[in-house]
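J.: First the structure, then my questions, so here it is.
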Amino acid sequence: MTDSPHTPNALPHAFFDRDAQVLAKDLLGKVIRHKVGNLWLSARIIETEAYYFAEKGSHASLGYTEKRKALFLDGGHIYMYYARGGDSLNFSAQGPGNAVLIKSAYPWVDAISGPESLAQMLLNNPDAQSRPRTPQKLCAGQTLLCKALGLKVPEWDAKRFDPERLLVEDVAVPTVNVIQTTRLGIPLGRDEHLPYRFVDAAYAPWCTRNPLRRGQVEGRDYFLLP
């Protein structure tokens, strides 16, 4: 039981069993909730990246291994791995080897996840000088997000969602405009040109890298979707 009179409603597994790009776009605005102790730590998804087995940027393109097995399971399995010394969160999509990386998020406070939850997230993820980060920077990157939410590879990799502990919820706050652009950190020659990154335009300044920064041109560097 939570301390709140409200309980979250998990998205069904069928929500994730769709094309990776469709899923990546539709995950924007949804809220990840992870229960730690009596607190639901929560963040609104603001940036995602889609990956396919058939393109060179994906982990799955390197072939099946026991470590990558979640990528080849049905949509709605959790795939976690280490990136730059931190944990990263992905969800399998429709089709073997296809998935969505949760690139960044924004702290979410509501009746389920109150100020105490945000305070715990701030404690989980201080900056390099051990000072509290601003809320805008708390989940602004795939490893920062996992650290703030307390998500760890050994605990969640290759698992299903658990409605009592880890879930994604539709909180009915729509994403009005979506930016579509190229993914980040893809090596040259590994399909770095594919526009498989999606950003909630309202939160663009607080994602991993602002696609609306100075010098970026709509129609060339990014596309604005309704």
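All of the numbers you see were taken from the coordinates with simple rules; none came from a lab. Small disclaimer: the values here were computed from a predicted structure and weren't measured. Reconstructed Cβ throughout: ideal geometry from the backbone, glycine too, with neighbour counts over all protein chains shown.
To keep it simple, each residue is scored yes or no on (1) in a helix (DSSP H, G or I); (2) touching a helix residue (DSSP H, G or I) at 6+ places or on another chain (Cβ under 7 Å).
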position: 15; (1), (2): yes, no
position: 24; (1), (2): yes, no
position: 34; (1), (2): no, yes
position: 41; (1), (2): no, yes
position: 44; (1), (2): no, no
position: 47; (1), (2): no, no
position: 54; (1), (2): no, no
position: 57; (1), (2): no, no
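J.: Do you know which residues across segment 205-219 are of a type in the set (A, V, I, L, M, F, W, C) and touching a residue at least 60 places away in the same chain (Cβ under 8 Å)? Outline the logic, then answer.
T.: First, the residues of segment 205-219 that are of a type in the set (A, V, I, L, M, F, W, C): 206-207, 212, 217.
Once the filter is applied, which keeps residues that are of a type in the set (A, V, I, L, M, F, W, C) and touching a residue at least 60 places away in the same chain (Cβ under 8 Å), segment 205-219 yields 206, 207.
Every residue, every condition in (1) buried (at least 18 other Cβ atoms within 10 Å of the Cβ); (2) touching a strand residue (DSSP E or B) at 6+ places or on another chain (Cβ under 6 Å); (3) free of Cβ contacts under 8 Å to residues at least 40 places away in the same chain; (4) more than 20 Å from residue 37 (Cα to Cα), yes or no:
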site: 123; (1), (2), (3), (4): no, no, yes, no
site: 136; (1), (2), (3), (4): no, no, no, yes
site: 142; (1), (2), (3), (4): yes, yes, no, yes
site: 173; (1), (2), (3), (4): no, no, no, yes
site: 197; (1), (2), (3), (4): yes, yes, no, yes
site: 221; (1), (2), (3), (4): no, no, no, yes
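J.: Let me ask something else about it. Would you check which residues across segment 48-78 are among the aliphatic types (A, V, I, L, M) and either crowded, with 20+ Cβ neighbours inside 10 Å or closer than 23 Å to residue 33 by Cβ (or both) and list them?
T.: In the first step, residues of segment 48-78 are kept if they are among the aliphatic types (A, V, I, L, M); the result is 50, 54, 60, 62, 70-71, 73, 78.
Answer for segment 48-78, where residues must be among the aliphatic types (A, V, I, L, M) and either crowded, with 20+ Cβ neighbours inside 10 Å or closer than 23 Å to residue 33 by Cβ (or both): 50, 60, 70, 71, 73, 78.
J.: Output the qualifying pairs, or none if there are none: Cβ atoms under 8 angstrom, residues six or more apart or on different chains, first residue in segment 45-59 and farther than 22 Å from residue 169 by Cα, second residue in a loop (DSSP other than H, G, I, E, B) and aliphatic (A, V, I, L, M).
T.: Hits for this filter: 55/194; 57/186; 57/194.
J.: With the condition kept exactly as written, say whether any residue in segment 86-98 is in contact with a Lys or Arg (Cβ under 8 Å, 6 or more places away or on another chain), surrounded by 19 or more Cβ atoms within 10 Å (Cβ to Cβ) and free of Cβ contacts under 8 Å to residues at least 60 places away in the same chain.
T.: Our first condition is that a residue be in contact with a Lys or Arg (Cβ under 8 Å, 6 or more places away or on another chain); within segment 86-98, this holds for 86-87, 93-94.
With the extra rule that they be surrounded by 19 or more Cβ atoms within 10 Å (Cβ to Cβ), the set shrinks to 87, 93.
If we keep only those that are free of Cβ contacts under 8 Å to residues at least 60 places away in the same chain as well, we get none.
No, that holds for no residue.
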